[in-house]
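Below is one structure, written out as structure tokens; the observations come after it.
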Amino acid sequence: AQSVTQPDIHITVSEGASLELRCNYSYGATPYLFWYVQSPGQGLQLLLKYFSGDTLVQGIKGFEAEFKRSQSSFNLRKPSVHWSDAAEYFCALRGNKLVFGAGTILRVKS
Amino acid sequence: GAVVSQHPSRVICKSGTSVKIECRSLDFQATTMFWYRQFPKQSLMLMATSNEGSKATYEQGVEKDKFLINHASLTLSTLTVTSAHPEDSSFYICSASGPGTSGGMDIQYFGAGTRLSVL
């Protein structure tokens, strides 16, 4: 079975502060992992993906994520958050199908 | 990146009528398309997977007679909600993947979603 857990439902950070969104997965084989962002009423935009190789992956909009097999984690980070980053973020795992976590809503305060 | 267009973005219909939602891949051939449903403040739930020219594969609990999926070409899939009822009101999102959409590994690219409201 495959599953994705995003422990934080909501996170609020100040503009300019650093951000880390947590993602843990469960899967018996090599995971293919993704982070998507969804603005209200919109579809999902792919931020970054991990298939193999370098465990630190760079994405769009200044985001990066680090795959840690020993911790079954794929946390998303950004060194300095902008107000436009406020959205909902989904971690996803592709095994035999794409499975999403419950999402983390990011609020940015000025 | 690859672009997926979904239409309409919003639809309001009367109970008992049918609604068709279109999903198009604009700049790549989508050998596989997916339909998801998203309830408020919840994650996406996969409804069905369709391969071009084949019958869709529905997830457990999804009524195939209520949610008709057609994937007749490599760029178009449609979802028809038949005899819609208020409980079918939701946000429906399609995605598409095709060979080599990213370095040989299929990636799903998502449409902007359709907000269905059944009165």
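The values are calculated or read from the model by the stated rules, or taken from the named source; none is laboratory data. It should be emphasised that the depicted structure is a prediction, and the values quoted were computed from it without experimental measurement. Cβ coordinates were reconstructed from backbone atoms using ideal geometry, including for glycine residues, and neighbour counts include every protein chain displayed.
Remarks
- Condition met for A:Thr104 (more than 9 Å from chain B (Cβ to nearest Cβ), surrounded by fewer than 18 Cβ atoms within 10 Å (Cβ to Cβ) and at negative phi): no
- Here the condition is being closer than 24 Å to B:Ser95 by Cβ, of a type in the set (Gly, Ala, Ser) and assigned to a strand (DSSP E or B); of A:Ala102, A:Ala92, it holds for A:Ala92 alone.
- Of all residues in segment A:36-63, those that are touching a strand residue (DSSP E or B) at 6+ places or on another chain (Cβ under 7 Å) and farther than 25 Å from B:Val4 by Cβ total 2.
- Test result for A:Ser14, at pLDDT below 95 and more than 9 Å from chain B (Cβ to nearest Cβ): no
- Being touching a Pro at 6+ places or on another chain (Cβ under 9 Å) and either facing another protein chain (nearest Cβ under 10 Å) or of a type in the set (Asp, Glu) (or both) is a description that does not apply to B:Asp88.
- Residue check, B:Lys41 within 13 Å of chain A (Cβ to nearest Cβ), surrounded by fewer than 13 Cβ atoms within 10 Å (Cβ to Cβ) and either at pLDDT 95 or above or farther than 10 Å from B:Ala96 by Cα (or both): yes
- Of all residues in segment A:55-101 being aliphatic (A, V, I, L, M) and under 11 Å from A:Cys23 (Cβ atoms), the one that is surrounded by the most Cβ atoms within 10 Å (Cβ to Cβ): A:Ala65
- Residue in segment A:13-35 that is within 30 Å of B:His7 (Cβ to Cβ) and either out of contact with any Lys or Arg (no Cβ under 6 Å at 6 or more places or on another chain) or surrounded by fewer than 17 Cβ atoms within 10 Å (Cβ to Cβ) (or both) present: yes
- Qualifying positions in segment A:49-73 - free of Cβ contacts under 8 Å to residues at least 24 places away in the same chain and in a strand (DSSP E or B): A:Lys49, A:Leu56, A:Val57, A:Gln58, A:Glu64, A:Glu66, A:Lys68
- Test set (1) in contact with an Asp or Glu (Cβ under 6 Å, 6 or more places away or on another chain); (2) assigned to a loop (DSSP other than H, G, I, E, B) - B:Ser54 fails condition number: (1)
- Neighbours by Cβ (under 8 Å, 6+ apart or cross-chain): first from segment B:50-79, over 18 Å from B:Glu22 (Cβ atoms); second basic (Lys, Arg) and at pLDDT below 95: B:Tyr58/B:Lys64
- Looking across segment B:76-87, just one residue is surrounded by 20 or more Cβ atoms within 10 Å (Cβ to Cβ) and not aliphatic (A, V, I, L, M), and that is B:Ser77.
- Flag if A:Tyr25 is within 15 Å of the chain's Cα centre (by Cα) and either more than 11 Å from chain B (Cβ to nearest Cβ) or in a loop (DSSP other than H, G, I, E, B) (or both): yes
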